[in-house]
Amino acid sequence: MTMEDDVAKLAELSRELPTIDVDSQSAERIAMRARQDVGRGPSPRRLVEPVLATLLVGSYLVWAVLKIVEALG
């Protein structure tokens, strides 16, 4: 598959899409905002919740293992 095939498929798909129902100024603002995010990775803030969850689960696991060792000993 070549680049021309991809462009042709994209053009074909775009013809089937419904027309946009926002005014041109709003559409331009939306496009500008979207262009700012293209190529940027996810926000570092997205890492906070998984780290907190890992710490919570890890501490609970350590506590449970210590209780099991205590009960067996």
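The values are calculated or read from the model by the stated rules, or taken from the named source; none is laboratory data. All values derive from a computational prediction rather than experimental measurement. Positions of Cβ are backbone-derived with ideal geometry, glycine not excepted, and every protein chain shown enters the neighbour counts. Please note that ligands, DNA and RNA were not included when accessible areas were found on the heavy atoms of the full protein model with its side chains. Shrake-Rupley method; radii C 1.70, N 1.55, O 1.52, S 1.80 Å.
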Could you give each residue of segment 21-28 its phi-based ³J(HN,Hα) in whole Hz, using Karplus coefficients 6.51, -1.76, 1.60 with θ = phi - 60°, and x for Gly or Pro? 10, 10, 5, 5, 5, 5, 4, 5
Using a Förster distance of 30 Å, the FRET efficiency for Q36-V57 (Cβ separation, nearest 0.05): 0.25
Sorting M3, S43, V69 by the position of each Cα along the dipole of the chain (Lys, Arg +1; Asp, Glu -1; all at Cβ), the one nearest the positive end of that ordering is V69
Given the C-alpha centroids of segment 37-73 and segment 16-34, what is the distance between them in whole angstrom? 41 Å
Total charge dipole magnitude, segment 11-73, about the Cα centre, Cβ charges on Lys, Arg, Asp, Glu only, Debye to nearest 20: 300 debye
Report the GluC sites (Glu not before Pro) located in the chain that are in a DSSP loop and have at most 13 other Cβ atoms inside 10 Å of their Cβ, or state none. none
With the other protein chains left in place, how much accessible area per residue, in square angstrom, belongs to the chain at a 1.4 angstrom probe? 100 Å²
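Share of the chain's accessible area from carbon and sulfur, percent, 1.4 Å?
Values: 4770 of 7290 Å².
Whole-percent figure for carbon plus sulfur exposure: 65.
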Please identify, among A27, A11, A53, the residue showing maximal mean-square fluctuation in a Gaussian network model of the chain using a 10 angstrom Cα cutoff. A11
Helix-derived mean residue ellipticity, 222 nm - over the chain, DSSP H n ≥ 4, -39500 (n - 2.57), to 500: -24500 deg cm²/dmol
More than 16 Å apart: what percent of Cα pairs in the chain qualify? 76 percent
